[in-house]
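Each remark here refers to the structure printed beneath this line.
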Amino acid sequence: MNFDVVIVGGSYAGISAGLQLARARRKVLVVDAGERRNRFAAQSHGFLGQDGREPGAIAADARTQLERYPDVTWIEGRAEGARRQEGGFAIGLGSGHVEIGRRLILAAGVSDSLPDIPGLRERWGRSVFHCPYCHGYELDQGRIGVLAVSEHSMHHGLMLPDWGTTTLFTNGAFVPDADQLRQLATRGTAVETALVREVRGEGADVVLDDGRVVALDGLFTMPRTSLQIPWVEQLGCELETGPMGPFIRTDAMKQTTVRGVFACGDIARAAGSVALSVGDGAMAGAATHRSLMFEAD
């Protein structure tokens, strides 16, 4: 079966894009590998009307609503590649099947790689976080740590005092210069230069190399991100490099550098959230519909 649009990725951005297209009565296929980025978090925050809900429940409700539209098909599986052909794109699936779409939306998101410190991954999404807007409020002005991975961690170090008493653990990742130390002091952020040995406890207590233990309610760090679909460059999409990793370059309408291919959500942003992904998806869906109406295949 041929589709007007194939959407690779069925999380917040992909479903949002699909909703716009389904309501425009276009035939839509969503291919989803089931690896939603925020699956480790118990609650999602900052998304209008859904604040505090379990993120999987938000995604499940959204999928149910999308699949009520008769022109929507959903495949649980992985897209292994895509190539341009006459009249659109051929998308190869892990099952061996090939699906055809006149347009392609990439919304598969990114995966996170954390610093190699014992205890960090086990607490990811529970007491170790990346986004202060998503998780900072729930720490209730408590004791917050920032685990540096590069000089970019200054951003966390300067932001987080709005959410609690903050300590920046440089952990050998960088040495703040005099101006950076002044900025941190102005914001009230303490600086700890000893190496971090492990993270333990009910919260995210940091054990330093010299044996000291710094009790924390939460710890923030910047993961290294990688694209969930590594074949986008083979398709011809240009990438940009953000502070956490690569993402797909798009214009304001979420069009990539390949005609007929759009991208939205975390795969097309330097950093994101549920709310931003939903907005991105709505734009990508509407722009893809416009392309179908007014541009040749």
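Could you check how many residues of segment 78-99 are more than 13 Å from V261 (Cα to Cα) and among the β-branched types (V, I, T)?
Of the residues in segment 78-99, 1 are more than 13 Å from V261 (Cα to Cα) and among the β-branched types (V, I, T).
Among the residues of segment 119-135, which ones are assigned to a loop (DSSP other than H, G, I, E, B) and within 14 Å of the chain's Cα centre (by Cα)?
Here is the first cut: in segment 119-135, the ones assigned to a loop (DSSP other than H, G, I, E, B) are 119-120, 125-127, 130-131.
Of everything in segment 119-135, those that are assigned to a loop (DSSP other than H, G, I, E, B) and within 14 Å of the chain's Cα centre (by Cα) turn out to be G125, H130, C131.
Return the residues of segment 236-285 that are touching a Lys or Arg at 6+ places or on another chain (Cβ under 7 Å) and in a helix (DSSP H, G or I); say none if nothing qualifies.
Once the filter is applied, which keeps residues that are touching a Lys or Arg at 6+ places or on another chain (Cβ under 7 Å) and in a helix (DSSP H, G or I), segment 236-285 yields D266, A268, L276, D280, M283, A284.
I need every pair where a residue in segment 285-297 that is assigned by TED's automatic domain parsing to the domain that holds T250 has its Cβ under 6 Å from the Cβ of a residue that is in a helix (DSSP H, G or I), sequence separation at least 6 or different chains.
G285/A17; G285/Q20; G285/L21; A286/Q20; H289/L21
Does segment 64-81 contain at least one residue that is free of Cβ contacts under 8 Å to residues at least 60 places away in the same chain, surrounded by fewer than 21 Cβ atoms within 10 Å (Cβ to Cβ) and part of a strand (DSSP E or B)?
Yes, that holds for at least one residue.
Working only within segment 233-265, note down all residues that are over 20 Å from G10 (Cα atoms), hydroxyl-bearing (S, T, Y) and either surrounded by 15 or more Cβ atoms within 10 Å (Cβ to Cβ) or touching a residue at least 12 places away in the same chain (Cβ under 8 Å) (or both).
Result: T257, single match.
Restricting attention to segment 93-114, report how many residues are outside any strand (DSSP E or B) and surrounded by fewer than 17 Cβ atoms within 10 Å (Cβ to Cβ). Working first, answer last.
To start, the set of residues in segment 93-114 that are outside any strand (DSSP E or B) comprises 94-97, 107-109, 114.
Filter once more, keeping what is surrounded by fewer than 17 Cβ atoms within 10 Å (Cβ to Cβ): 94-97.
Count: 4.
The values are calculated or read from the model by the stated rules, or taken from the named source; none is laboratory data. In this text, all values refer to a predicted model and were calculated from it rather than measured experimentally. Positions of Cβ are backbone-derived with ideal geometry, glycine not excepted, and every protein chain shown enters the neighbour counts.
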